[in-house]
Every structure is written in C-alpha cells, then in structure tokens.
Amino acid sequence: MSKVKARRLILAVVFAAVCRGEAARAEANPAPQPPAVPLVVHDPYFSIWSFGDRLTDDWPRHWTGRVHALCGMVRVDGTTFQIMGRPSTDIPAMRQTGLRVLPTRTIYEFEGGGVRVGLTFFSPVLPRDLDTLSRPVTYIVWEVRSIDGLTHAVQVYFDNTAEPVVHEPQQRVVWNRGSTDGVVWMRMGTEEQPVLAVSGDDRRIDWGYLYTAVPREMPLRTVLTEADRSRETFRQEGTIPAADDEDPPRRADDRWPVAACCFDLGEIADAAASCRIMLAYDDLFSIQYFGENLRPYWRRNGWEAQDLLRAANDQYAALLERSAAFDEQLMAAAESVGGRGYANLTALAYRHAVGAHKLAVGPGGKPMLFSKECFSNGCIGTVDVLYPTSPIFMLLDNDLLKATVTPVFEYAAMPRWPFPFAPHDLGQYPLANGQVYGGREHSEENQMPVEESGNMIIVAYVIALNDGSTAYLERYWPLLTNWAEYLKVKGLDPENQLCTDDFTGHLAHNANLSLKAIVALACFGKLCEMRGLVAPAEEYLSLARTYAKQWVELADDGDHFRLAFDKPGTWSQKYNLVWDRLLGLQLFGPEVRAKEVAFYKGQLQPYGLPLDNRALFTKTDWEVWTATLADDRADFEALMQPVYRFVDETPDRIPLTDWYWTDSAKVRGFRARPVIGGVFIKMLDSPEVRKRFGAWR
C-alpha cells in the first residue's frame, strides 16, 4: 500500500470513528431544529449559514441574509442528487435524515440511491489555543457508505461562488490557482481589493481571498469556471470541465464563476469512503485600530495563506480528535447543570458567539478580540456587548476574555477619551478609531456611564479571579479606580440615562442598573483586597453592603422588586443580581433572589419571560442570566423551557436572535450577535464545571 493510500485510510478511520460516536449520541438525544444552522462561521465577514430546515431548501447565506452559495451534489450509479443548495430543479434532493449541531461541528446525514451520505462542517475553534482558534478554516467532509448491501459507483461534487468575497455581486472578481506541500488550492477575490476602506452593519467583506483547497492525495479534479457549465457537466457525466475560464476579471454575478471540485470515490461496498475540502479566508488585514491596520492573529508570526493551508491539512486528524473531545466535554458539562435543552442551546451558541468576533494582533503584539454588533448598529468592541458575551470566555479562555477588554482599556487610557466613566464602543466595525455612539468623545449626551463602568469592573474582577492575580490589571488600575469612584457617587440611584437595553429608552432610578453598580463596587473592593490595599478594600466592600441594604428598601414592591425605584407596580428582570451569587459576594440575602424568581414564574409567556412590564419582548441572554438566579433546578428549568421552545418554533429562519417577542416567538431585531455567549452563564454556577474548564475556584 502506498504512503498516500495509507494516510487516506488512517484519516478515514479516524473520521468514521468520530462519526459513529456522534451518530449514537444523536439517536439517543435528538436535538431541536435551529433557526439557522452554522456551516462556515469564523468572524463577522466569513460567516455562512443554512437558513432552511433542510440543506437543500435554499442556498447557504451570510448572516445578513445575502446568498453565499455553496453547492453540493452526489452521483450514485449515474443518478445525481443535490445535498446542498439549489443548483437545478432537474436534480432531485437526496432525503435529509439527520442534523446535529455541536460546538465545533455541524453534521448532516442523507440517504438515497442505496447509500448514506454524511456531510460535516468542522471548524476547530478551540479555546485555550489562540493560534488554532484564529485560523479561518472550515473542513467540509463527506463520508459515503452503502446501506443496501450492494456496490455503488459514487462521485462527489462541491463548488462555491465568488459571493463570499464581495459586498455586492456586481463587483468584479479575479481568480487563480496553485499548490503547496500536498495541497491544491483555488482562490477568488475582488479586483479592487479595498482593504478596510468602509465600515458598516449590513456589509460583507470585499477584500482578501477565499481559498478552496484540497489534499493532493484525494482522487479529484478541480476547475475555475462558470457555475452552470460545471454543475451540468457533473450532473450528466459525473465529472467537471477540464479547463479553467480564462476571462477574469468579471462581475461575480456574470455567469457566476465558481471554484469547483469533483471526487471520484469509486466503487463503494462495505467500507465507507470519504473526501474533504478546506474553505479558508485570508483577509490580509482584519481591523483598523486608531489608524493602524491589524493583521489577523494567525498571521502574527509572518504566516501567509499557504502556511495556513499546509498546517490545516497536516493537522486535520489531530484537530478532529481534539474537537470531538471538546464537544463531548462541553455538552456533558452543560447537560449536567441545565439538562439536554440547555446543552443544545450552548452548542448552538458556541459558534454564534465566537463567530461574531475577530481575533487580531494589536499594537505591541497584544491579542485583541473585536466584537461586532450584528444588525443593531455595527459598533465594534461595544462594552455592553462584551459584558453579556463574557460568560463564554470567563469559563473557557481567560486570554480571550482579556483580549476583549484590552482594546477598550487602551482606548480609555488615551488623552482623547475625556470622561470619568468607561466608553461605550471603539467605533464601527471594522474601524476601531473611536466611539461613534451617543455623544461620541465630545458630549455626555446619550452615554451609558453607569452601565459601561460597571461592566468593565465586573469583567476585570473575573479576569483577576481566573488568573489568581491582578497583574494584568496593574496597567489599568488608575482607570478602574476612576470608574469605581464614579459609581460610588452615581451608582446607587442612577440618573436619567441609557443602559444596555437602550431600545427601551432612557430611564431614571433604574433598579437593575443600580444592582450592576453595587456589584461592581464590591468587585472593585475585592480587587483592592487582592492587591493588598486594605483600607480601600474595606471602604468599597462596606459601601456595596450599605447600598445593597438601601436597594432592597428602595426597590421593594411587595412580592417582587420594581423596574425603577419611583415606579410602584412595575417589574423587570434583575439579571445583574446573578454576580452576587456567582462571585460569592453575599451582598443580598437569598430571599431577594427567591422572591424575584417566584414572581417571574407568574409572568412567563409561551416563549419566554418579558424583559420588563413595558413590553412583551425579551432578551435571550438575559433570560438565561435571570434563570440562573434560581436556587432550585426545577425553577431554572421552568424559566428556560419557554426559551427552548422559542429556539425550536420561531418562524424567523435567521441566526439566533437575542431580541424577540415572547408571545409569538417572532424576532423583534438583532441576529448572530456575540451576546449569545451569555447563555454559558449557568455553567459558571457550578464549581465542578468551573474547575473542569480552568475557571476560578
């Protein structure tokens, strides 16, 4: 047996073993249908989803809804079936029999023509390994086996259009091909290459290059040609055209140029056969940070795209095993604290949250993780987005948690930031050149002073807890002190201002915002304690305890606590109270949480708990935080069951929203935002789970 065939056999055995384990678990624990299914999800630009119940219902799409076409077909004994996209009404769809969404993998199964086809989208976005996590590479893997005892001749087809490299399909694109150390690649990109030229919310990338790469050992052909020609040739002949189109540049929608691959798997009988491609995106420069164009983190040591593809190909088997182990560990941990419904939610949330960020190399080589407010305003590095997102990183990777706040700390330390409170944002994605929200850098109008200052202090304390040290924070201690001083004066009874739920408008005497300030003051006291600053520690901890007692009196409304201190008969989710429980601050007695949880159970709608008494919409992330207030597992599940029902039954087929109507399950706004990482907060409630993943003890 040749070395190439031996390597292919080993990889096929590894993949088959992983798939068998997943199939058994999926059969025992069927998951609900996600509103949209993550396929190739790495960052706000390289983000491709299936919006349908079946992969053949529609073309895959960018999170914004624009088509980013991926086409998949399988030919069995001369009959062609479609398994991804809608290449032709003349081609029947193979019956989809299974779907499993795991933290790093999406696994489809199909049956037809006497064979079973497994199609896996595998993105090794592994925590505690920034180099691997930052690689914008998804493996698309096919496994085909006979299920009728007969032998079948099988060919597999894949293509992608140039849509993932353009903001609009009218833009002109170019293409070429090459190879490197066992990898054959084709690439597409725009002719113009306007690197980091424009910011915005509803935008796709139009610089850098999309790579479609295949291990040279695979039995395949590749071509760069027009879509109809390539697909029709495969449908009729089981192969693809021999020659590339030689007329670039042309518009992406002019005969739809594609990078196509065709694998001849030969005769398939008892043993399964597999093949795979790598879909990768090299954006060259990812983020502009105060005038400096930052490289993606995977390029930090001088790598080029060929180095990325070589490493991804060589490490495929090892990464698959690591990712399968991580998926199993995370799912088991989630199920142990919240049940199967909660585990399925965290699996869906993982790539949602990670894929709404970009990891770049900041000034001085610092890792910087930039979030995007997807379909809210496109802001980058928003502080009241990193706060609800933070539980996923608090649990899984403290270095990523630091990377979210580092660019904010560095900005707030610049002379250009004039205020005694923390900023709201860094700019509009992908241009982090200064706050664009509210009064920007010029006015206190429409700022979120209590909100953002409290957010930064709470997250900073968890960073120190996870590190067992305040070393990371030493550089930023003057900022934290200023923000704590601000909260000491302004935090207990907030003035008329915005909070993170700014879509509800300004609100004075906000009880939940006050809770955030009180918790943050206690966190700052704990930080002082960790630094050995005895007097300031006692001052801030004592103040937080005093404020907590006053809060109970100010907010009390009989069987619950008010939305605002001056508004009797109102209520709201007190999700900021969760940190008192998780961090063991002991500011409030357990009866405060118990009273709120009991009241919330009486306010439930069919699809969740409204954010407050003013409207029936809610926030997905805050619902999980609020449910985590419950001391009793049954109460947690009572508050969460409507959320699981929403995920399964919402009529809106888009990446998971965090703002929806609790009476109808319809989306109110937002999608694919990083704040979905907040659903990981329930796992922070378990000391055993925190220990398992290396978080604080």
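What the table below lists for this structure:
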item: Radius 11 Å from Cβ of Ala555, net charge of other residues (Lys, Arg +1; Asp, Glu -1); result: -2
item: Ranked packing of 308-320, 587-599, most packed first, by mean Cβ within 10 Å; result: 308-320, 587-599
item: Compactness relative to 2.2 N^0.38 Å, alpha carbon Rg of the chain; result: 0.98
item: Alpha carbon centroid spacing (whole Å) that separates segment 549-604 from segment 367-444; result: 29
item: Solvent-accessible area per residue for segment 524-584 (1.4 angstrom probe, square angstrom); result: 41
item: Highest to lowest packing among 39-45, 643-649, 416-422, scored as the average C-beta count within 10 Å; result: 39-45, 643-649, 416-422
item: Proximal charge balance of Gly178 [Cβ under 15 Å; K/R count +1, D/E count -1]; result: -1
item: Whole-percent carbon and sulfur share, accessible surface of segment 156-213, 1.4 Å; result: 44
item: For segment 641-697 and segment 222-293, distance of Cα centres in Å; result: 35
item: Cut-off 12 Å between beta-carbons: net charge of the residues surrounding Ala471, Lys and Arg +1, Asp and Glu -1; result: +1
item: 1.4 Å probe accessible area per residue over segment 271-344, in Å²; result: 33
item: The chain - share of DSSP beta bridges that are antiparallel (%, nearest 5); result: 95
item: Above-threshold pairs, the threshold being 32 Å between Cα atoms, out of Lys488/Lys601; Lys402/Lys567; Lys358/Lys619; result: Lys488/Lys601; Lys402/Lys567
item: Sum of -39500 (n - 2.57) over DSSP H runs of 4+, divided by residues of the chain (222 nm, nearest 500); result: -11000 deg cm²/dmol
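The values are calculated or read from the model by the stated rules, or taken from the named source; none is laboratory data. Remember, it's a predicted structure, so these values are computed and weren't measured experimentally. Methodologically, a virtual Cβ is constructed for each residue, glycine included, from the backbone with ideal geometry; neighbour enumeration extends over all protein chains shown. Just the protein is used for accessible areas: all its heavy atoms, side chains included, with ligands, DNA and RNA removed. Shrake-Rupley method; radii C 1.70, N 1.55, O 1.52, S 1.80 Å.
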